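Undergrad: Quick one: structure below, then a few questions.
The numbers here are math on the coordinates, done by the rules we state, and not lab data. What you see is a predicted model, and the numbers here were worked out from it, not measured in a lab. Note: ideal-geometry Cβ built from the backbone for every residue, glycine included; neighbour counts use all protein chains shown.
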């Protein structure tokens with residue numbers, strides 16, 4: 001019998017096995033000569049094309065989870081597995097967006113978006129040859145987030161929301177298998193933040209890569225995610241999993257519905273303060 005499959009960024013993956021798996025992951029630091037456990041026994045299975053959020057109190061190790069997935073700091077206890085193989089070194093097929101966009105100040109918007117294709121294999125070896133095709137792809141992404149008329153502007157000429165939109169395009173230009181989002185909208189005002197939810201959803205629906213969002217905004221987590229994981233205070237573990245069955249594409253008007261507020265309240269009820 002053939003296995004069911006999921007297609008993401010033109011890649012086909014078996015739907016029956018986890019795309020990304022946290023297997024009893026832990027983390028500890030040495031403090032005053034004694035080990036202090038930060039993360040305790042986290043096990044999560046993420047399917048291809050899934051968008052998940054991780055929420056919890058400050059200091060519970062949420063950002064450390066992203067570093068383990070990226071391979072920048074591989075899991076010291078347990079394992080994080082991609083396609084069944086333990087992640088032990090930095091991955092090339094990852095896009096990352098931070099709270100601060102960190103655009104290069106001497107490059108315009110279009111050139112900032114193109115940057116990963118200049119430095120990541122296999123794209124960089126034929127970058128000049130493929131530049132017209134890459135430029136078209138970058139322009140299509142920028143048009144998706146309303147920046148088609150700001151391709152030549154430098155970062156200082158853009159608003160905070162515009163810089164973050166450009167950062168998201170840059171994170172997706174090389175068609176990553178995984179998109180890591182570390183509180184990408186935390187520094188934005190409430191109105192801009194909600195617009196960014198819709199724009200991120202539109203970008204994600206184009207590529208359907210696995211996305212992991214770290215956020216303190218529970219409404220943001222519910223709006224964007226297929227599943228929301230709630231972590232406890234240190235030593236932290238997953239204490240609740242919420243499946244979000246809201247239809248896509250989601251609209252901001254949904255945030256006013258009884259169903260949305262029920263989901264939001266469900267997550268909020270399980271947050272424990274440290």
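Undergrad: Kindly work out what percent of the DSSP beta bridges joining two residues of the chain are antiparallel, to the nearest 5.
TA: Restricted to the chain, the bridges split so that about 60 percent are antiparallel.
Undergrad: A further question on this structure: For region 93-178, what's the relative contact order in percent, using C-alpha pairs closer than 8 Å and at least 6 residues apart?
TA: 54
Undergrad: Rounded to the nearest 500, what is the 222 nm mean residue ellipticity of the chain from helices alone, with -39500 (n - 2.57) per DSSP H run of 4+ residues and division by all residues?
TA: Per the formula, -10000 deg cm²/dmol.
Undergrad: Tell me, 227, 165 in order of fewest to most beta-carbon neighbours within 10 Å?
TA: Going from sparsest to densest Cβ surroundings: 227, 165.
Undergrad: Over the chain, what relative contact order in percent results from Cα pairs under 8 Å that are six or more residues apart?
TA: Computed value for the chain: 24 percent relative contact order.
Undergrad: When averaged across all projection directions, what area in nm² does the alpha-carbon convex hull of region 233-274 cover?
TA: Working: hull surface 14.6 nm².
Average of the hull's projected areas for region 233-274 equals 3.6 nm².
Undergrad: Please report 204, 197, 156 as a ranked list, fewest other C-beta atoms within 10 angstrom at the top and most at the bottom.
TA: 156, 197, 204
Undergrad: If one computes P(r) from the Cα atoms of the chain, what percent of pairs lie at distances over 34 Å?
TA: Counting every Cα pair in the chain, those more than 34 Å apart make up 19 percent.
Undergrad: Take residue 270 and residue 251, extend 7 Å from each Cα along the Cα→Cβ direction, and tell me the distance between the two endpoints in nm.
TA: 2.9
Undergrad: Work out, step by step, the length gained on full extension between residue 126 and residue 205: first 0.36 nm times the residue separation, then minus their alpha carbon distance; give nm to one decimal.
TA: That pair, residue 126 and residue 205, stretches by 25.7 nm at full extension.
Undergrad: Let me ask something else. Would you mind classifying region 160-206 by shape? Square roots of the alpha carbon gyration tensor eigenvalues, ordered a ≥ b ≥ c; an a/c under 1.5 is rounded, otherwise it is prolate if a/b is larger than b/c and oblate if not.
TA: Numbers: a/c = 1.98, a/b = 1.71, b/c = 1.15.
Prolate shape, in that a/c is at least 1.5 and a/b is the bigger ratio.
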